[in-house]
Amino acid sequence: MRERIGLTNILFVILMGGALVAIPAPAAAKVTGQCAQCHTMHNSQGGNPMAVDISGAAQTAPNETLLRYGCVACHTGTNDGTNNIPYVNKTTLPTYGTDGTTGETLAGGNFYWVATNGANLDAKGHNVASDSLANQDATLGNTPPGGTGALTSQLTCAGTTGCHGDRSQDSDFGAMSGTHHADDSVIDGSSVVRSYRFLDGILGLEDSDWEYQPTTSAHNQYKGFDRTADTELATGSISSLCGQCHNDFHNGAGNVGGTAPSGAPFASPWVRHPTDFDMGNTGATSEYRGYGGTGNAYVVAAPVASVDVTTVLQNVTFNNDTIVTCISCHRAHGTPYDDLLRWDYSGISAGSGGTGGCFECHTTKN
Ligand code: HEC
Ligand code: HEC
Ligand code: HEC
Ligand code: HEC
Ligand code: HEC
């Protein structure tokens, strides 16, 4: 069934000065294909159920919006760079590499490691309940660290207890209603459809293949703000999304910049790792100026956000385009590593001569 979903994202590759440049698809990323590929009017055909679960087995319970698949069942599969549906879960071990930029996982990583069909390790991802993907986190329960208390139930893909869609709606499909058939080519945050990856109100420039093996010229361009105080919410930034549940890690007086000794400077020494803070605020000879090496190429393994998200940046200038984000270090869905980190933190040691991870920005601490 999955291969029969119509091709909606076309990658235009043109030759420019000998270099391959991938341009995001200008056409609307709307679903295409026969209704029956995705919908079932009664979840019954010849008396047998038409709905299918994550494993591909028949599912007697009907899905919302008369769909044959739930969110996860449709978004389970193997990415190969040509698929037109982003796969965020795989039922067998996905290739990941050292930082998730060379394997078959996308920008958000993969739920395989946290899922009940994978290694079932709580710390490797967000424990999403939709389609029985994962069990509740045995350590954290439904409480986001840094947040205001437990969610009303286990995490879901979308809605009140989820990340995607309208977070005032309490079901996956209620929160996502009208998204998949709509023209989402303009991202201005004015509706769920016109938001970055259907994350309500979040801005950004979407890579056409969801960062399948991204390069300096083909990647998501994340939205960030160069804040001067941690009381600023930075509404619309990718980090502000995480801050909706992990509040204190992103904003709130004294939560990031600290309070002593003179007011609340949004500067070093920090009390929590800064986000929505531009590396351009550091000295011209600081270690951060070594990000991306000579010429300061954008580093897909430790992405930085920008205020302007109209173009994909191949190089950074430390002028509102080197903004630290939550996902500079984490991946939203999951990774093979604890705390859903992009890389193996346990293997990163000062003075080791190592590369990657923290050293992408803290270039002299190795
Ligand atoms: C019947 C299959 C199907 C179901 C069910 C489904 N999706 Fe999708 N989804 C797709 C396809 C196909 C695309 C790619 C085309 C597009 O972007 O609309 C997609 C794209 C997306 C995207 C990426 C949009 C972008 O900007 O690139 C997100 C996010 C998403 N789906 C979330 C969800 C969530 C959350 C649910 C459950 C509420 C869900 N999907 C249910 C098929 C499905
Ligand atoms: C590739 C899979 C796919 C195909 C093909 C598809 N749909 Fe959908 N449709 C979805 C998904 C996923 C949703 C749920 C998310 C949403 O509401 O956009 C949905 C939602 C809907 C909705 C409710 C939301 C809205 O936009 O009004 C209607 C009605 C609908 N589809 C009708 C149709 C009809 C009619 C066809 C055939 C002409 C069709 N769909 C073909 C995937 C598909
Ligand atoms: C809808 C609320 C919500 C949003 C939004 C959210 N999280 Fe979480 N997060 C949770 C909950 C609940 C937990 C604890 C349960 C779990 O781990 O599944 C959690 C756990 C975590 C953990 C610890 C995982 C573990 O098991 O040790 C990390 C790291 C994390 N989130 C990072 C992020 C990042 C980065 C973002 C933004 C991309 C984000 N979260 C957005 C609710 C949220
Ligand atoms: C995307 C770039 C980036 C990455 C990746 C990164 N950092 Fe940072 N880090 C910064 C910036 C920028 C500052 C603030 C520097 C300043 O204000 O002078 C900072 C501040 C810090 C501070 C506080 C310094 C102070 O003066 O208070 C510590 C400690 C730190 N980072 C450790 C880490 C560790 C450990 C990792 C890996 C898990 C890491 N960082 C990854 C950019 C980064
Ligand atoms: C510089 C890299 C870096 C940035 C930026 C970063 N984190 Fe983390 N995060 C880590 C590391 C490393 C850990 C592991 C625990 C530790 O060292 O504190 C972690 C742990 C976590 C945890 C788990 C805490 C627990 O109690 O288990 C959550 C939740 C989390 N981060 C959310 C966020 C959110 C939300 C943001 C953005 C506001 C963010 N992180 C930004 C590196 C980072």
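The values are calculated or read from the model by the stated rules, or taken from the named source; none is laboratory data. Fair warning: this is a prediction, and the values are worked out from it, not measured in the lab. In this analysis, Cβ positions are derived from the backbone assuming ideal geometry, glycine residues included, and neighbour counts consider all displayed protein chains. Note: accessible area is taken over every heavy atom of the protein model, side chains too, but ligands, DNA and RNA are not part of it. Shrake-Rupley method; radii C 1.70, N 1.55, O 1.52, S 1.80 Å.
Side notes on the structure shown:
- Calculated FRET value between D80 and K30, using beta carbons and R₀ = 25 Å, to 0.05: 0.70
- Modelled spin-label separation between Q45 and S190, with each label point placed 7 Å from Cα along the Cα-to-Cβ direction: 3.9 nm.
- Neighbourhood charge, 12 Å Cβ-Cβ cut-off, centred on G97 and excluding it, Lys, Arg +1 and Asp, Glu -1: -2
- Surface accessible to a 1.4 Å probe, R68 within the full protein complex, Å²: 40
- Surface composition of the chain: carbon plus sulfur atoms hold 56% of the accessible area, using a 1.4 angstrom probe and ignoring ligands, DNA and RNA.
- With the simple model of a label 7 Å out from the Cα in the direction of the Cβ, W270 to T152 spans 3.4 nm.
- Unit charges at the beta carbon, dipole of the range 23-131: most positive-side option, C71, N127, A115: C71
- Accessible surface comparison of F111, F173, F249, probe 1.4 Å, protein chains only, largest first: the order is F249, F173, F111.
- Residue (of M279, G354, V307) at the positive-pole extreme of the range 212-366, dipole from beta-carbon charges: G354
- Pair T92, S168: separation of 7 Å Cα→Cβ label points (nm): 4.6
- Cysteines without a disulfide-compatible neighbour (Cβ-Cβ under 4.7 Å), the chain: C35, C38, C74, C163, C245, C329, C358, C361
- For the chain, the Cβ-based charge dipole about the Cα centre amounts to some 280 debye (Lys, Arg positive; Asp, Glu negative; other atoms uncharged).
- Listed by chain and number, the aspartates and glutamates whose C-alpha is less than 12 Å from the C-alpha of K90, apart from same-chain residues fewer than 8 away, are E104.
- Note on D308: accessible area approximately 90 square angstrom, rounded to 10, probe 1.4 Å, nucleic acids and ligands left out.
- For the range 243-366: rounded, prolate or oblate by the Cα gyration tensor [a/c cutoff 1.5]: rounded
- Of the three principal axes defined by the Cα atoms of the chain, the extents in descending order read 71, 54, 40 Å.
- Among N48, L241, F266 - extreme Cα towards positive end, dipole of the chain, charges at beta-carbon: N48
- The heavy atoms of M41 present about 120 square angstrom of accessible area, all protein chains included, probe 1.4 Å.
- The residues of the range 128-246 expose, per residue, 42 Å² of accessible area to a 1.4 Å probe.
- Net charge, C157 excluded, C-beta distance under 14 Å - Lys, Arg +1, Asp, Glu -1: -4
- A Cβ-based charge dipole, computed about the Cα centre of the range 243-366 with Lys and Arg at +1 and Asp and Glu at -1, lands at about 140 debye.
- Simple Cβ-charge dipole of the range 172-217, Lys/Arg +1 and Asp/Glu -1, about Cα centre, in debye nearest 20: 100
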